[in-house]
Amino acid sequence: MSVQSPISSVNDFVVRFANVNGSGSASANELFARSILRHGVPVSPRNIFPSNIQGLPTWYEVRVTEDGHLGARGGVDMMVAMNPQTWDKDVASIEPGGYLFYDSTKPMPSSKFREDITVIGVPLTAITNSTYTDPRQRQLFKNIIYLGALCALLDLDPKLVEQLIGEQYKGKEKLLSSNVHALHLGRDWALQNLKCPLGLRVKKSDKVGDRIFVEGNSAAALGAVYGGATVCAWYPITPSSSVAEAFTSHCKKYRHDPETGKAKYAIVQGEDELASIGIVIGASWNGARAFTATSGPGISLMTEFIGLSYFAEIPAVIMNIQRAGPSTGMPTRTQQCDVIACAYASHGDTKHVLLFPEDPAEAFEFAAAAFDLAERLQTTIFLMLDLDIGMNHRLCRPLKWDDAKQYDRGKVMTAEMLEEGRDFGRYLDVDGDGIPYRTYPGTHPTKGSYFTRGTSRDRYARYSEEGAVYADNMQRLVRKFETAQDMVPRPLQANAAKPTKYGVIYFGSTSPAMDEAIGILEARGHQLDRMRIRAFPFHSSVASFIADHDFVYVVEQNRDAQLRQLIVNENGIDPVRLVPILHYDGTPITARFIAGAIGDHQDHLKVTPLRKAVT
Amino acid sequence: MPGLVPGIHDFLSPGQDVVGRDKPGHDVAGSAGAVMTYIAKPKFHHPGLKKNELGYTHRDYEGKISTLCAGCGHDSITASIIEACYELSIEPHRVAKISGIGCSSKTPDYFLGNSHGFNSVHGRMPSVLTGANLANRDLIYLGVSGDGDSASIGFGQFAHSIRRAVNMTYIVENNGVYGLTKGQFSATADRGSKSKKGVTNTDNAIDLVAIALQLGATFVARSFSGDKTQLVPLIAAAIRHKGASFIDVISPCIAFNNHAGSTKSFDYVREHNDAVNRLDVLVGRDPISVDYAPGTVQVVEQHDGSRLALRKLDADYDPHDRLGAMTFLQKHAAKGQIVTGLLYVDPDAEDLHTHLDTVETPLNTLDEQALCPGSAVLDKINASLR
């Protein structure tokens, strides 16, 4: 083991920070990630945090990746071990030849280290305590001091870090200079006492381009602002709360009347998820664009209303930031485990539209589009994010908006149309697409009013328990869902370099890991055509993609292969043709996992056919 | 409304089947085998019907024919709502009627036939109404609920809509019993009262009026479906009140809760009704023409200019004293009395829109010009994320 040489890598390694929740490390760690971006080198950071406010272990992982692989990689090349609670596990997780950075103020017994790694001790507490007296300052600046030391060790340009600190504390000179001071304390100590830089280092590059660095929840909230949402009702739940909080802060900036200062939005923190979705449905019924953001347990609570939205045909947008279930599950861990729960939410025969963004840029686009779809289709639209996209900064293409775009408010009969004598039947399929016209309350004194209800009714919205009337309505809802198929974002397909009999289907946050895995698999000699599903109901190309291949892997982050089930169920596919590749331990899926699972399966297929062996 | 002639109903489209009920009663529980649809009202009416200021007659405020039991207290409340809206000369289509599930929640189909109605989810009327109100602050919001809907499954939503000061008139048609499912106690049934089957209720009752007072409702009243002269002006005043108005209307269930031993029967409520005041609602600038004996009338001017003339029946009762009202209610409840009348009013109330500081223009009319920050702003946002 001792002959293991230290890992040497430029712009391609993983640093993990092990911290204590609530110690103020998050902003220093994010600063670290951002400074590498400023070197033109892509990074992909991930928060691994407990369901806790203060005291429990939390980790922040930064994948430095010149090649732009934004999925989690797995493994740690350098551990910044700041949490004694998790020391043993943290040290054990370092790759052979990796590095351990720790606070050497208190001596550690040699049994606490490994021989196959490089140990870097910096007396952080000693440096901090000799400089600061205030306990809170000591805690916060200790984080900046280790950042300074890492600057020296990884060869970061201190000017770029200073520039970032300058932007962060613009107008707060005292904080700015004290942070810069702390940075140099750490950097100078490392330069004077350690051999810098290490084998791991950052070198300036140009691989970031015009990409932006943003959390999916914030981008989705911005999509709601651009998409014209005026009513937001929500109930706090991890990992979705930051959607509503971001919507609030975006609205404060961009949604106040310049003359009166009044708000062109209404945000209500509901007493629970039932009230939140009720408010959304009431507002949408009355012609406003409204949404809620929640996670699995909230979806469970909302299901009665979701059925009402489906049956009474009321628009609603629900952003579901998925976390590991069932029940309370792992509230701070990621999964794609609500596919079935959302697709068929509520009692009775129901089906709902799901959108699967792969990153914050798509979260922004799909969030805005969700309001058009909800009003056009007069039903609930689910925006299916997950914790991995929602609560981590992700490098993605810049957000775009076409100023010529007009909102699609769907089929709304106006007072003028009613005056012209247009026949208004709230559930009348006038265009053959299953979508009826609606009127907003208060439209006309004598025409166009109707009684909305969750009970069965006829085409003119009159209460009816007649079987034929009920069935007629249910069949129209199926037609409407078929119409939706061509309105939702289509799947994207990428073919392998060489013709292949095998395909892979994936969706959402699996995207970057899948892209990377394709490269690994190609290197192993496996060719795969790819299809990224972006919405349910499935476009017809999903069935033809499956038909075009001998079999197709379906990669997803849940135990029960939920997307695969949905494809089998909705498209009548022979389940044998769809091979599930499932990752569901709550950590983000990695390229290593996908390539390993698919590669092993493919290798087994390469067994020499029996006939040949005999002859 | 220019160009429109009010007064003629046309609920019945030509060629549409009208299927009546096969028997009176509760068509959810008792409808097995029967085909239920709806009953429209005949469109003929007396040509000489009186018209209100806007030229509407009573009939313009009516809806479909009630499918509740003959003699149901709820139908009297429906009639009172119609009367109040007529008296106030409200444009019928500018009211949004929202309800939950239950007998009471069916009634919005039986009044204001030209208004949009929403028979939503059990116990969830308050949230649906809150959302609707946020979308368009210009309509009048009438929430109709029952004691099962508001005191049990929807107790939380009732409470939170009140504490959020949603501008609405929230009417609970309170009969202390689940009618549609045939006579189970509701949470407002008094402890010690007997069900039709002879079971004694051992649970304590929820007094929604007391809760509404505690949670800051700015208009709180209780009335009795059998007393239209008291109820109609209360509904009218509540509609004109800007803020959360709550009216608990004791409304006996003729089928399941009108027997001896019930504390929500016609006889019991009549015997124990303790009205603290009588109300006249005065809209417009006309001087008060009714001849009141000196010292017996208290005039309250509401935010919208309407005036409430309160004829005091209890000389010491002060409807501006929230704490006093709470104490008064408790004392009288302990004596088995049902206190009715306008129990509390704050004429300077605020509402949720005030608290959220929303624009005067209804949110549902704002377009992309008003709502979308545009690509130039987005470019700046992108730049800040690098």
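The values are calculated or read from the model by the stated rules, or taken from the named source; none is laboratory data. Remember, predicted model here, so these are calculated numbers, not experimental data. So basically every Cβ, Gly included, is an ideal-geometry build from the backbone, and we count neighbours across all protein chains shown.
Some notes on this structure:
- Whichever residue in the stretch B:120-148 is in contact with a Ser or Thr (Cβ under 6 Å, 6 or more places away or on another chain) and either more than 19 Å from residue B:186 (Cβ to Cβ) or part of a helix (DSSP H, G or I) (or both) and, among such residues, is farthest from the other protein chains (Cβ to nearest Cβ): B:147
- Note on the stretch B:295-378: enclosed strands (runs of 3 or more DSSP E) holding 3 or more residues that are in contact with a Lys or Arg (Cβ under 6 Å, 6 or more places away or on another chain) and away from chain A (no Cβ under 14 Å) are B:297-301.
- Test result for residue A:280, modelled with pLDDT of 95 or more, at the interface with chain B (Cβ under 8 Å from one of its Cβ atoms), touching a Gly at 6+ places or on another chain (Cβ under 9 Å) and under 12 Å from residue A:317 (Cα atoms): yes
- From the list A:500, A:587, the one residue that fits, being in contact with an Asp or Glu (Cβ under 8 Å, 6 or more places away or on another chain) and surrounded by fewer than 22 Cβ atoms within 10 Å (Cβ to Cβ), is A:500.
- Candidates in the stretch B:298-325 are the residues that are in contact (Cβ under 8 Å) with a residue 60 or more places away in the chain and surrounded by 13 or more Cβ atoms within 10 Å (Cβ to Cβ); of these, the one that is nearest to residue B:218 (Cα to Cα) is B:322.
- Test for residue B:108: is it facing chain A (nearest Cβ under 9 Å), over 24 Å from residue B:216 (Cα atoms) and assigned to a helix (DSSP H, G or I): yes
- Selection over the stretch A:588-610 of residues that are at pLDDT below 95 and among the polar types (S, T, N, Q) gives a count of 2.
- Entirely in the stretch A:486-588, the helices (runs of 4 or more DSSP H) that have 3 or more residues that are more than 30 Å from residue A:377 (Cα to Cα) and in contact with a helix residue (DSSP H, G or I) (Cβ under 8 Å, 6 or more places away or on another chain): A:511-523
- Contact annotation: residue pairs with Cβ atoms under 7 Å, 6 or more positions apart or on different chains, pairing a residue in the stretch A:566-594 that is within 23 Å of residue A:538 (Cα to Cα) with a partner that is of a type in the set (Ser, Thr, Tyr) and surrounded by 17 or more Cβ atoms within 10 Å (Cβ to Cβ), are A:579/A:553; A:581/A:553.
- Any hit, the stretch B:210-228, residues being out of contact with any helix residue (DSSP H, G or I) (no Cβ under 7 Å at 6 or more places or on another chain), in a helix (DSSP H, G or I) and under 23 Å from residue B:104 (Cα atoms): no
- If the condition is being on the phi > 0 side of the Ramachandran plot and away from every other protein chain (no Cβ under 14 Å), then the stretch B:63-94 contributes only B:71.
- Scanning the stretch A:221-268 for residues that are touching a Pro at 6+ places or on another chain (Cβ under 7 Å) and more than 7 Å from chain B (Cβ to nearest Cβ) yields A:237, A:238.
- Residues that are away from every other protein chain (no Cβ under 12 Å), within 17 Å of residue A:446 (Cα to Cα) and among the acidic types (Asp, Glu) within the stretch B:43-62 comprise just one, B:62.
- Flag if residue B:146 is in contact with a helix residue (DSSP H, G or I) (Cβ under 6 Å, 6 or more places away or on another chain), closer than 16 Å to residue A:454 by Cα and of a type in the set (Gly, Ala, Ser): no
- Residue check: residue A:455 meets all listed conditions (1) surrounded by fewer than 20 Cβ atoms within 10 Å (Cβ to Cβ); (2) within 14 Å of chain B (Cβ to nearest Cβ); (3) in contact with a Ser or Thr (Cβ under 8 Å, 6 or more places away or on another chain) but one, namely (3).
- Long-range neighbours under 6 Å by Cβ, at least six apart or interchain, first residue within 14 Å of residue B:131 (Cβ to Cβ) within the stretch A:258-280, second charged (D, E, K, R) and crowded, with 24+ Cβ neighbours inside 10 Å: A:278/B:124
- Per-region count, the stretch A:327-341, residues surrounded by fewer than 24 Cβ atoms within 10 Å (Cβ to Cβ) and either touching a helix residue (DSSP H, G or I) at 6+ places or on another chain (Cβ under 8 Å) or at positive phi (or both): 8
- Of the residues making up the stretch B:341-361, those that are touching a His at 6+ places or on another chain (Cβ under 8 Å) and under 15 Å from residue B:215 (Cβ atoms) are B:344, B:346, B:349.
- All told, residue B:351 falls short of being surrounded by fewer than 20 Cβ atoms within 10 Å (Cβ to Cβ) and either at pLDDT below 95 or acidic (Asp, Glu) (or both).
- For the stretch A:458-473, a residue qualifies if it is surrounded by 13 or more Cβ atoms within 10 Å (Cβ to Cβ) and either of a type in the set (Gly, Ala, Ser) or not in a loop (DSSP other than H, G, I, E, B) (or both), and the qualifying residues are A:461, A:463, A:464, A:469, A:470, A:472, A:473.
- Looking at A:386, A:431, A:402, A:423, just one residue is in contact with a Ser or Thr (Cβ under 8 Å, 6 or more places away or on another chain), on the phi < 0 side of the Ramachandran plot and surrounded by fewer than 17 Cβ atoms within 10 Å (Cβ to Cβ), and that residue is A:402.
- Criterion (within 12 Å of the chain's Cα centre (by Cα) and polar (S, T, N, Q)) met by exactly one of B:245, B:193: B:245
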